[in-house]
Amino acid sequence: MPQLRMIEAFQPNWLFFFVFKERRLKKIDLHMHTISTISDSHFEFSLEKLKEYVELAEIDAIAITNHDIFDLAQFNEICEAINCVVFPGIEINLDVGHLLLISENHDLEEFQLKTNEVAKKVIAIGDSINVDDLMRIFGNLNNYLLIPHYEKKPSLHAETIKRLKDVISAGEVDSPKKFVRMSKDETELIPVIFSDMRFYVGMTKFPTRQTYIDCGDISLKSLKFALRDRSKVSLSKLDGNSIFQVFEDGQCLSTGLNVILGARSSGKTETLTQINNICENVKYIPQFSLVQRDDTNYEKEFNADVTRKKSIFSDKHLAPFKTVLDDVLSIDTEINKRRVADYLDTLMKSAEEAQKFDSFSRASLFNETLFDLGEHTSLTELVGSVRQMIENIEFRDIIDKYIDTDALKALACELIVILWSKAYERKKKSLVNDIIREAKSKLQLKTSATQIKDVDLYRVMFEHKKLLKFNEIAKLLQEEKIIYQESFQGFKVVCKQRAFQGAGEIKNVSGQKVAFSDVFRDYAHPAKYLSSLKANEAFTPSEFYKYFACIEYEILNKDGFKVSGGERSEFRLLQEIKDAQNFDFLLIDEPESSFDNLFLKSEVNQMLKEISKSMPVVIVTHNSVVGASIRADYIIYTAKEFEEKKIIYRRYSGHPSSKELISTDGKKINNFKVTMDSLEAGESAYMERNAGYENIKN
């Protein structure tokens, strides 16, 4: 009993703590636009719409952050009309990114003068200021709240963030996925998400992108203090970062796995459509989009997708060979043979005529050899590499750990001096060569003696060796072998390389209507085959690298056979889900319409659960395998109800463990009943089926 009295005594204090804690959370939106500038598409600002937004969304604080401009008169007008804290601010084009700079709402005339300096520098698209300008204009940046575009385009450059890290309070993101990821990573900036909205005349929908912050009284100092602690920043008022608001009416979603239940025509697909329209960077898989309806057309569509992926992989695999081919493409063996033959012929003839030389043919310049100009490619590349190490930002710490930057700069300077010297020497040799050519030409006109033809024997031999090596590489490329394979949820993607079996295969790869039968005769001899390709003007040189080896891209089932029609649909669904990792949201409408339960439970559920750890996933379903077995984080139940002879569409939502689901207007519905009705056709039907299964089992 004493223990019970003790608990009862403490209970009011705990209740007070939680109420107080909830009241401390403030809803803020510190990024919005009220003036149309060169960085915006044109809009006519509506103060009434801004006021309506603040009231409907119950915003506690906003900041006016127009692009590179601040209008004090308009700001004062907004402050008088809006019933919340309003901060003056500006969104600055800083280098290649954007930076929100927000001030206290006093000394506004001084802030106006400073922002005017920014406006004078940014007068055309592409204009910006740099960090030095920022510091010169605004002075002590600790007096402001600085929030750069971070996981949001155009993001501030990493080097700029590094320079400003001591005065940056948070980083703006553009999706809940990025918010949650950054909030878990101590090495990242603390994330915030804002509307970035233009409030215009005729506006009908308002954004739901705001941030909750635990800061007590709202001031710039309290905001900056709260932003030191990532636990004080969240997506929702009561559920931290696990829930976020998606619709204006207050409807929320989990940042993990959401399941939408409901009867037919109750608004499930419409809910998905609205999410797709409101949110950005969404992967939406509509109902029946992957089911095989027409065998022929579906197979064509599937094969086209395989061909596209094969083309991407083929280009990547053949890229090194393309570099080799491009290097030998300009080599003409026939011209080289002719030059060597001409050289030998004129050399022999000149030797025979040696006794008959006149004064012109005896001149030293008559058979003078030209200077070899050479190339300085390796030295040029070396200078570029050293410069890249000096300018690299991403791996700066590692580079500095092993190599002193001053030493790198000294090395670069010395290499550049050598490069200048060699370039100067090359220029002098080139001028001398011009003089020699002119002298030889004039001497030839004065005599009948044979002049020895010029030929660079070293270059001829070097190019010959290149072609021999090209033959070796091409032969290796034509050897049949598996170059890539990936097991993927019971399927296997296999890529092979082999030699082409006939001219028809090359023609299919080329996509041209030109016959390859003539050139294919030389296919066994790569260098000769390349010469034949070059000789035919109908062929495109930039595509030659594709004509030396056949790259096969196959999708096999678990038994090692090519996928069947139904398996194609399964593979495409899994591939679509896998590709969703590149998006911020994944929406799927009734996957059970196209697939069997075993596949859904063993493959699909596993992938969806894994992806939902890093992004919001929303699934519409009637199927217990998906709806119940997947163990969702949040449930939305859509209902079509009749009130006063009118049809009302309503959404109820809550956690799977909740006894009741609640709508945004406060109505409640039994969670167990709607789950049974949606997934099992009611509790009685579920019990009957269960009894039937028990009978079969026994």
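Any read-out appearing in this document is the output of simple, stated calculations on the displayed coordinates, not a laboratory observation. Because the structure is predicted, anything quoted here is derived from the model rather than measured. Note that each Cβ is placed from the backbone with ideal geometry, even for glycine, and that neighbours are counted across all protein chains shown.
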Over the Cα atoms of the stretch 354-449, how large are the radius of gyration and the largest Cα-Cα distance (Dmax), in Å?
-> 23.4, 74
If you plug each phi of the stretch 657-665 into the Karplus form 6.51 cos²θ - 1.76 cosθ + 1.60 with θ = phi - 60°, what whole-Hz ³J(HN,Hα) values come out, in order, with x for Gly and Pro?
-> 7, 5, 6, 10, 9, 10, 8, 5, 9
Magnitude of the Cβ-charge dipole of the chain, K/R +1 and D/E -1, about the Cα centre, nearest 20 debye?
-> 1740 debye
Cα-based reach from Lys446 at 20 Å (exclusive), listing aspartates and glutamates while leaving out same-chain residues under 8 positions away = Glu352, Glu353, Asp358, Glu368, Asp434, Glu438, Asp454
What's the extension gain from Glu109 to Thr380 if we count 0.36 nm per residue and subtract their Cα-Cα distance?
-> 92.1 nm
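Relative contact order (percent) for the chain, with alpha-carbon contacts under 8 angstrom and 6 or more residues of separation?
That works out to 14 percent.
Extension gain Asn433-Glu537, at 0.36 nm per residue separation less the Cα-Cα distance, in nm?
Roughly 34.0 nm would be gained on extension.
If you restrict to DSSP beta bridges whose two residues both lie in the chain, what percentage is antiparallel, to the nearest 5? Write down the numbers at each step before the final one.
Working: 49 of 85 bridges.
For the chain, the DSSP antiparallel bridge percentage is about 60.
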May I ask which of Lys237/Lys668; Lys309/Lys507; Lys578/Lys640; Lys162/Lys224; Lys205/Lys237 have a Cα-Cα span longer than 27 Å here?
-> Lys578/Lys640
What does the convex hull of the Cα atoms come to per residue for the chain, in Å³?
-> 299 Å³
Could you work out, for the stretch 431-589, what percent of all Cα-Cα pairs fall into each 5 Å distance bin, beginning at 0 Å and stopping at the bin that holds the largest distance?
-> 1, 7, 11, 11, 10, 10, 9, 9, 9, 6, 5, 3, 2, 2, 3, 2, 1, 0, 0
Charge dipole (the chain, unit charges on Cβ, about Cα centre) - positive-most of Thr675, Val340, Asn582 | Val340
Just name one of Leu235, Ile137, His31: the one whose Cα is farthest towards the positive end of the charge dipole of the stretch 21-245 (beta-carbon charges, Lys/Arg +1, Asp/Glu -1).
-> Leu235
So the FRET efficiency between Thr664 and Ser517, C-beta based with R0 = 60 Å and rounded to 0.05, is 0.30
Place +1 on the Cβ of every Lys and Arg and -1 on the Cβ of every Asp and Glu in the stretch 21-245, take the dipole about the Cα centre, and give the residue among Asn66, Thr160, Phe111 whose Cα lies farthest towards its positive end.
-> Thr160
Based on Cβ point charges of +1 for Lys and Arg and -1 for Asp and Glu, what charge dipole magnitude is obtained for the stretch 354-449 about its Cα centre, in debye rounded to the nearest 20?
-> 900 debye
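May I ask you to order 480-490, 182-192 by the average number of other C-beta atoms within 10 Å around their residues, highest value first?
Values: 480-490: 12.5, 182-192: 17.2.
Order by mean packing, descending: 182-192, 480-490.
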Given a cut-off of under 8 Å on Cα pairs at least six residues apart, what relative contact order in percent is computed for the stretch 354-449?
-> 59 percent
